[in-house]
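These notes are about the structure you will find just below.
All of the numbers you see were taken from the coordinates with simple rules; none came from a lab. Everything numeric in this text was worked out from a predicted model, so none of it was measured. Virtual Cβ from ideal backbone geometry, glycine too; neighbours counted across all protein chains shown.
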Amino acid sequence: MDALVRGECPVPKTPPNQLSLRNDNFPITPRLLDIRQAAAYLNTSVHCLRQLEWADQLPSVRGLGKRILFDINDLNKLIEERKN
């Protein structure tokens, strides 16, 4: 902790060749979902999701190529808007 207060970066005790991006205590969850993942998240069909996008009711992000991605925050917002 004292190293952080002094503005120094603590040196990891794991050798660099054994470092991993995976951390079981803090799993990385993707923010952007492809159309199939987003449809499963909303428990709907891919076709329904495409219709929502075409009607400008759900924003999308264009990935590399023609890949359509959806922000999970926008999916959550859609759920909240449609609650009774």
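Ordering of 53-61, 37-45 by packing is 37-45, 53-61, highest average first (other Cβ atoms within 10 Å, averaged per residue). For segment 23-70, the list of trypsin sites (Lys or Arg not before Pro) that fall in a loop by DSSP and count at most 13 other C-beta atoms within 10 angstrom reads R31, K66, R67.
Counting 0.36 nm for each residue step from R36 to N84 and taking away their Cα separation leaves a gain of 14.7 nm. Length gained on full extension, A55 to N43: 2.4 nm, using 0.36 nm per residue less the C-alpha separation.
If I stretch the segment between D71 and T29 completely, what's the gain in nm (0.36 nm per residue apart, minus their alpha carbon distance), one decimal? Please list the in-between numbers first.
On the way: separation 42, 0.36 × 42 = 15.12 nm, distance 1.19 nm.
Working it through step by step, the gained length comes to 13.9 nm.
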